[in-house]
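The values are calculated or read from the model by the stated rules, or taken from the named source; none is laboratory data. Model, not experiment: these values are computed from the prediction. Ideal geometry is used to build each Cβ from the backbone, glycine not excepted, and the neighbour counts take in all protein chains shown.
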Amino acid sequence: MRVLGVDPGLTRCGVGVVDGRVGRTLRAVSVDVIRTPSDDDVAHRLLAIEQGLAEAIAAYQPDVVAVERVFSQNNVSTVMGTAQASGVAMVVAARHGIPVALHTPSEVKAAVTGNGRADKAQVTAMVTRLLGLDRAPRPADAADALALAICHVWRGTSVSRLDAAVAAARRGSAPVRTAAEPIRSRIPSAPAAVPPRPRSARVDPPRPHPEGKPR
C-alpha cells in the first residue's frame with residue numbers, strides 16, 4: 001500500500017509518501033513541504049497548495065491520501081488556514097479518485113510513538129527510526145506528514161477492512177469468506193432425507209368364536 005500523508009497548513013504544507021503494510025518494513029518514498037508566502041492572497045496560496053498536491057499525486061500514484069483531522073485551537077486564524085488547506089487536499093484526492101482518510105493528531109502520535117501526547121521531537125525521532133532515514137526530516141511539517149502516512153498504514157488498513165465488511169453486510173451482500181470457507185466448499189452436502197414409505201394397513205380375518213359364532 002502507498003499512502004500520501006498531508007500535514008495541512010497555509011504557510012507550510014507537509015507531504016510525505018510511504019510504502020508499507022502491517023507487519024512489513026516501511027519505506028519512505030518522498031517527503032516535501034509546499035510553502036506559500038504569508039503576505040500573498042489566501043486564494044493564491046490555496047491554489048499553490050492545490051497545484052503542489054496534484055503534482056505529488058500524479059508523480060507517486062498513492063492508494064490513499066491521509067490528512068490530519070483539524071481540531072479547535074486557541075488561535076482561530078491558524079485553525080482556519082489549516083482547515084482551508086485540509087479541504088484543498090481532500091478535493092484534490094477526490095478529483096483523482098483516491099480515497100481520503102482523516103486521522104487526529106493524537107491518533108498519529110499514538111500509532112507512531114505509543115503515546116498520544118508525544119511532542120514533535122518524539123514524533124520526529126520515531127519517524128526517522130521507523131523509516132530508517134539517515135537524518136531526521138525537517139521541518140516538523142515534513143515529519144508529521146510521514147507520521148500520518150505511517151499511521152494509516154498501521155491503523156487505517158484494519159479500519160478500512162472493517163468498514164468494508166460492515167458496508168457489505170448492510171447492503172445484504174454475500175458474507176465475507178473466512179479462512180475455513182474454502183474447506184467447507186469442498187465438503188459434499190448431505191443428500192436430502194427420503195420420507196418413509198407409508199405402510200398399508202393389515203386387516204386380520206375374523207377368528208372363530210369358541211361357541212362357533214364369529215366374533
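A few notes on this one:
- For residue 29: the one exception among (1) part of a strand (DSSP E or B); (2) aliphatic (A, V, I, L, M); (3) farther than 21 Å from residue 131 by Cα: (3)
- Taking first residues from the stretch 78-98 that are exposed (fewer than 15 other Cβ atoms within 10 Å of the Cβ) and partners that are at pLDDT 95 or above, the Cβ contacts under 6 Å between residues at least 6 apart in sequence or on separate chains come to 96/57.
Okay, residues lined up against (1) assigned to a loop (DSSP other than H, G, I, E, B); (2) crowded, with 24+ Cβ neighbours inside 10 Å:
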| position | (1), (2) |
| --- | --- |
| 115 | yes, no |
| 122 | no, no |
| 137 | yes, no |
| 142 | no, no |
| 149 | no, yes |
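- For the stretch 99-113, filtered to residues that are in a helix (DSSP H, G or I) and touching a residue at least 40 places away in the same chain (Cβ under 8 Å), the residue that is surrounded by the fewest Cβ atoms within 10 Å (Cβ to Cβ) is 107.
- Among the residues of this structure, residue 77 does not count as one that is at pLDDT 95 or above and not aliphatic (A, V, I, L, M).
- Checked against (1) closer than 24 Å to residue 127 by Cα; (2) modelled with pLDDT under 95; (3) in contact with a helix residue (DSSP H, G or I) (Cβ under 9 Å, 6 or more places away or on another chain), residue 23 passes all but a single condition, namely (3).
- Which listed residue, of 79, 22, is within 21 Å of residue 106 (Cβ to Cβ) and assigned to a loop (DSSP other than H, G, I, E, B): 22
- Summed over the stretch 12-55, residues that are surrounded by 17 or more Cβ atoms within 10 Å (Cβ to Cβ), without any contact (Cβ under 8 Å) to a residue 40 or more places away in the chain, over 16 Å from residue 87 (Cβ atoms) and of a type outside the set (Lys, Arg) total 2.
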